[in-house]
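**Q** Just passing along the structure, written as C-alpha cells.
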Amino acid sequence: MRTTAGMSVRAFLRRVWPYVRPYRYRFLGGLVYLGLLAGLELTLPLWTKLAIDRYFVPGRWSAGVWLLGVYALTLGLIGLLQYLQGYFIDVTAYRAMRDLRCHTFRHLLTLPIAFFQRQPTGKLVTRVTNDVDALQEILGQGILSIIADVGTSVAIFGLLWWISPVLALSVTATALMVVGVSFLFQRYAQRAQEDIRTWLARLNGFLQEHIGGISTLQVHRAEAQAFRELQTLNQGYTQAYVSAVFHYAWYYPVIRALEVLTSVLVLVLGGWLFYEGRLTLGTLVAFFQYVQRFFEPLADLSDKYNAFLQAFVAEARIQEIHQTLSDPAYRGQPLNVTGPAPIAFRHVTFRYTPDGPWVLKDVNLVIRPGERVALVGPTGAGKTTLAALLLRLYDPTLGSIEFGHQSIQEVDARDLRRAIRMIFQEPFLFSDTALQNILLYRDGTARAELERWFQRLRHNALVRGLHQKLHETLHERGSNLAQSERQAIAVLRGIATDPRVLILDEALSALDPQTERDLYELIESVTRGRTVLLIAHRLYTLPAVDRVIVLWDGQIVEEGPPQELLRRDSVFASLLRVQALEAYGSGRPAAPEDPPAASEDA
Ligand SMILES: Nc1ncnc2c1ncn2[C@@H]1O[C@H](COP(=O)(O)OP(=O)(O)OP(=O)(O)O)[C@@H](O)[C@H]1O
Ligand SMILES: [Mg+2]
C-alpha cells in the first residue's frame with residue numbers, strides 16, 4: 001500500500017479491532033484452528049515421502065498399509081478444522097459488521113444537518129451497506145487466509161531448504177521474482193480499487209435520487225437527460241473495473257509462468273540429483289508437492305489482495321463518516337426550563353455559509369410564555385431560518401437566543417427539541433402506518449389522547465378519513481396520501497408530544513380553510529398556556545393571534561397586535577391587501593366561508 005503501507009495497514013487493523021474485540025475469544029479460537037489446519041496440511045507430502053521411500057521402492061506394500069489409515073485420519077482432521085475455523089471466524093465477522101452498521105447509523109443520527117445537505121443519500125447508503133460488506137469479507141476469511149497463506153509459504157520455504165538446499169536455491173530465485181511482480185501489481189491495484197469505490201458511490205447516489213424522483217422526470221419529460229447522465233456514470237464505473245481487470249489479467253499469467261519455470265527447474269535439477277543418488281525418489285516427489293503448495297497461495301494472493309484492498313478503501317470511506325464530528329449542539333448543558341418560559345432573540349444575525357449573504361440581520365424579538373405569534377413576510381425573508389435557529393439546527397453567526405433566560409447555545413439540542421417542536425410545510429413521512437408516523441416510535445398515553453382528538457374532529461371529512469386509514473401502511477414518503485392528509489399527520493405528530501413551544505411553519509397551508517380552522521382549534525386547546533409561533537403565508541385565513549411580526553429581508557420591520565396593524569397604514573395591511581387583490585383578480589374569492597368539503601360535513 002504505497003510507501004506508507006505498513007502504517008496504513010496497522011492503522012486499518014487498529015480501527016477494525018474494536019469491532020472484533022467483543023468476539024475476540026471466538027476469533028482467536030478460529031485462528032488456532034487455522035494454524036493447526038495449515039500445520040496438518042504441511043505433513044501430507046511427508047507421508048507420501050515415507051510411503052515411497054520406505055514401502056513402495058523396497059516393494060514392502062503390505063507393511064505400509066497403516067499409512068493409508070494415517071492419511072485418511074489426517075484428511076478427516078483437516079476437514080473438521082476447516083469447518084471449525086470457518087464457522088468461528090465468519091460468525092465473528094458477521095457480528096462485528098452488524099455492530100459496525102449499528103455504530104455508523106447511530107453516529108449518522110448525531111451529525112449536523114449541514115452534513116446531510118452536502119452528502120448525497122445514496123453515497124451514505126453505500127457506506128453502510130456495500131462498504132461494510134467489503135469489510136466483512138476480508139474480516140471473515142480474508143485477512144486470516146492471507147496470514148495463513150504467507151505463514152504456509154514461509155514454512156514450506158524452510159522445509160524446502162531442509163529437504164534439499166540445492167533444489168531450494170532454484171526455487172528461491174523464482175520466488176524472489178514472484179515477490180517483485182506482486183509488489184508492482186499491488187501499487188496499481190490499489191489505485192484501481194479506490195476508483196471503483198468512488199464510482200460506485202457516485203452511481204448509487206445518482207440512482208437513489210433519480211429513482212426517488214422518477215415521477216418528476218416522467219412528468220417533465222427529462223428521462224432522456226437522466227438516462228444520459230446515468231450512462232456517463234455507468235461508463236465511468238465500468239472503466240474503473242476495466243482498468244482493474246487489466247492489472248489482474250497480467251498478474252495471474254505471470255505468476256503461473258514463474259510456477260511452470262520453477263517446476264521445470266526442479267524436475268531437471270532433481271532428476272539429475274536422483275540419478276546421482278543424492279536424492280531419494282520419495283524426497284523428490286515430496287519436494288514437488290511442496291513446490292506446488294508453495295505457489296498455490298502465492299497465485300491466490302492476488303484475489304485475496306484484491307478483496308483486502310476493497311476492504312481497505314471501504315474502511316477509509318466508513319471512517320470519513322466516523323471522523324465527522326457529532327453536532328456540537330448535542331454537547332450542551334441540560335435545559336432547565338420546566339414552566340412557562342420566554343424566548344428572546346438578541347441581535348441575531350445569521351448566514352448559512354461564511355461568505356454567503358446575510359439571511360437575518362440584527363433581529364431582536366421577545367416572545368412571552370403562552371403568547372401566540374404570527375411570523376409573516378415575503379418568501380425568502382428568513383422566517384424558516386429564524387425558527388431553525390430556535391431549534392439549534394444552526395447557531396446564530398452573531399447575537400444570541402435565550403429560552404427561559406438560558407442561552408440556547410449552551411443547551412443540549414436534544415433537550416431543546418423535546419421542549420420546542422416544529423411542524424414543517426412538507427413533512428417527511430416514513431413507510432409505516434399513519435399511526436406510527438404520528439407517534440414516531442413513542443407509545444403509551446399519546447395513543448389514548450390521539451383517539452380523543454379524532455373523536456373531537458370526527459365532523460371533519462379529512463380527519464375522519466385519516467382515522468379510518470390509521471393502521472394502513474403508507475408508501476414511501478406517504479406518497480399514497482393527499483398533501484392535506486400528510487399535513488394533518490404532521491400536525492398531530494407535532495402536538496402529540498405536548499411541547500412547551502410549538503412552531504408551525506406553513507404547516508396548514510395545504511388544508512382547506514375549514515380543516516385549517518378545525519385543526520387550529522385543536523392546536524389552540526392542546527397548547528393552552530404554551531407558546532405558539534405561526535409562520536404563515538395565507539394572511540386572510542390567519543387565525544387569531546396576539547401579535548404579528550413582519551419579517552422583511554432578514555429584518556423585523558413591524559410588530560404589533562393584528563387589529564392595531566390593520567387600523568393603520570402598515571406593511572401587514574398592505575401585504576393582506578395585495579393577497580386579497582391577487583385572489584379576487586384571478587376570479588377566486590379570498591376567503592370562502594363554506595368550502596365544499598366543509599359544507600358536506602355540516
Ligand atoms: N440551507 C441553506 N443554505 C443556504 N441558504 C439557505 C438555506 N436555506 C435557506 N437559505 C436561504 O436563506 C434565505 C431565507 O430562507 P428562508 O427559508 O428562511 O425563507 P422563508 O422566509 O422561510 O421563505 P418562504 O416563505 O419561501 O418559506 C433564502 O434566501 C434562502 O435561499
Ligand atoms: Mg419558509
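**Q** Can you tell me which aspartates and glutamates have their Cα less than 19 Å from the Cα of residue 49? Leave out same-chain residues fewer than eight positions away.
**A** Within the straight-line cut-off, residue 49 pairs with 41, 276.
**Q** Of all accessible surface on the chain at a 1.4 Å probe, what whole percent is carbon and sulfur?
**A** With neighbouring chains kept in place, the figure for the chain is 60 percent.
**Q** Does the range 67-114 come out rounded, prolate or oblate by the C-alpha gyration tensor, with a ≥ b ≥ c the root eigenvalues, rounded set by a/c under 1.5 and, if not, prolate when a/b is larger than b/c and oblate if not? Intermediate results must be reported in sequence, preceding the final value.
**A** On the way: a/c = 12.48, a/b = 8.27, b/c = 1.51.
Taking the square roots of the gyration eigenvalues as a ≥ b ≥ c, the range 67-114 is prolate.
**Q** At residue 219 and residue 379, where each label point lies 7 Å from the Cα along Cα→Cβ, what is the point-to-point distance in nanometres?
**A** 1.5
**Q** Only Lys, Arg, Asp and Glu count, each charged at its Cβ (+1, +1, -1, -1), so figure out the dipole size of the chain about its Cα centre, rounded to 20 debye.
**A** Computed charge dipole of the chain: roughly 1460 debye.
**Q** State the extension gain, in nm to one decimal, for the chain segment bounded by residue 428 and residue 553, taking 0.36 nm per residue of separation less the distance between their alpha-carbons.
**A** That works out to 42.2 nm of additional length.
**Q** Any chance you could run the full-extension gain for residue 17 through residue 346? It's 0.36 nm times the residue separation minus the Cα-Cα distance, nm to one decimal.
**A** Extending this stretch completely gives an extra 113.6 nm.
**Q** Taking a virtual spin label 7 Å from the Cα of residue 98 along the C-beta vector, which residues in the range 9-46 bring their backbone nitrogen under 17 Å of it?
**A** 19-27
**Q** How long, wide and thick is the range 343-601, going by the Cα atoms along their three principal axes, in whole angstroms, largest first?
**A** 48, 48, 35
**Q** Counting other C-beta atoms within 10 Å, and keeping those with at most 10, which DSSP coil trypsin sites (Lys or Arg not before Pro) do you find in the range 303-353?
**A** Here no trypsin sites (Lys or Arg not before Pro) fit, given the DSSP loop and packing criteria.
**Q** Give the distance, in whole Å, between the Cα centre of the range 250-303 and the Cα centre of the range 513-590.
**A** Here the answer is 89 Å between Cα centres.
**Q** Could you compute Rg(Cα) / (2.2 N^0.38 Å) for the range 5-326, with N its residue count?
**A** Dividing the Cα radius of gyration by 2.2 N^0.38 Å gives 1.29.
**Q** Whole number in Å², please: accessible area per residue of the range 343-601, 1.4 Å probe, ligands, DNA and RNA not counted.
**A** 47
**Q** Need the full-extension length gain, residue 198 to residue 272, defined as separation in residues times 0.36 nm minus the C-alpha distance. One decimal, nm.
**A** In short, 21.1 nm is gained.
**Q** Continuing with the same structure: Rg/Rh for the range 185-252: what does it come to with C-alpha atoms and Rh from Kirkwood?
**A** 1.17
**Q** To the nearest 10 degrees, how steeply does helix 281-323 sit against the main Cα axis of the chain, on a 0 to 90 scale?
**A** 10
**Q** Could the peptides 474-482, 543-551 be put in order, highest first, of the mean number of other beta-carbon atoms found within 10 Å of their residues?
**A** 543-551, 474-482
**Q** Under a plain spin-label model, where a point goes 7 Å from the Cα along Cα-to-Cβ, how far apart in nm are residue 524 and residue 567?
**A** Spacing of the two 7 Å Cα→Cβ label points: 2.2 nm.
**Q** Give me the lysines in straight-line cross-link reach of residue 304: C-alpha distance below 26 Å, same-chain residues under 8 apart excluded.
**A** Of all the lysines, those that pass the test against residue 304 - Cα under 26 Å, at least 8 places apart if same chain - are 123.
**Q** Post the alpha-carbon centroid distance, the range 60-78 to the range 376-418, in whole angstrom.
**A** 80
**Q** Treat each spin label as a single point 7 Å out from the Cα along the C-beta direction, and report the residue 577 to residue 264 distance in nm.
**A** Calculated label separation equals 10.1 nm.
**Q** Relative to the longest principal Cα axis of the chain, at what angle does helix 513-526 sit, 0 to 90 degrees, rounded to 10?
**A** The two axes meet at around 80 degrees.
**Q** Can you give me the angle between helix 65-108 and the longest principal axis of the chain, using Cα atoms only, in degrees from 0 to 90, rounded to the nearest 10?
**A** Rounded to the nearest ten degrees, it is 20.
**Q** Additional query: For an R0 of 22 angstrom, estimate the FRET efficiency from the Cβ-Cβ distance between residue 147 and residue 47 and round to the nearest 0.05.
**A** Details: r = 25 Å, r/R0 = 1.16.
So the FRET efficiency works out to roughly 0.30.
**Q** Tell me the volume per residue, in Å³, of the convex hull enclosing the alpha carbons of the chain.
**A** It comes to 213 Å³ per residue, whole-number rounded.
**Q** Could you tell me which of 253, 514, 385 has its Cα farthest along the dipole of the chain towards the positive end, charges placed at Cβ (Lys, Arg +1; Asp, Glu -1), taken about the Cα centre?
**A** Looking along the dipole axis, the top candidate is 253.
**Q** Ok, one more. How much accessible area per residue does the range 5-326 have, counting only protein heavy atoms and a probe of 1.4 Å, in square angstrom?
**A** 53
**Q** Evaluate E = 1/(1 + (r/R0)^6) for residue 238 and residue 281, where r is the Cβ-Cβ distance and R0 equals 60 Å; express this FRET efficiency to the nearest 0.05.
**A** Efficiency, from the Cβ-Cβ distance: 0.70.
**Q** For the range 1-78, run through the trypsin sites (Lys or Arg not before Pro) and keep only the ones in DSSP coil with at most 12 other Cβ atoms within 10 Å of their Cβ. List each step's numbers first, then the result.
**A** Values: sites: 2, 10, 14, 15, 24, 26, 49, 54, 60; in loops: 2, 60.
Of the trypsin sites (Lys or Arg not before Pro), the ones in loops of the range 1-78 whose Cβ has at most 12 other Cβ atoms within 10 Å are 2, 60.
The values are calculated or read from the model by the stated rules, or taken from the named source; none is laboratory data. Computed from a predicted model, the values in this text were never measured in an experiment. A quick note on method: Cβ atoms are made from the backbone with ideal geometry, for glycine too, and the neighbour counts reach across all protein chains shown. Quick note on the areas: whole protein, heavy atoms, side chains included, nothing else; ligands and nucleic acids left out. Shrake-Rupley method; radii C 1.70, N 1.55, O 1.52, S 1.80 Å.
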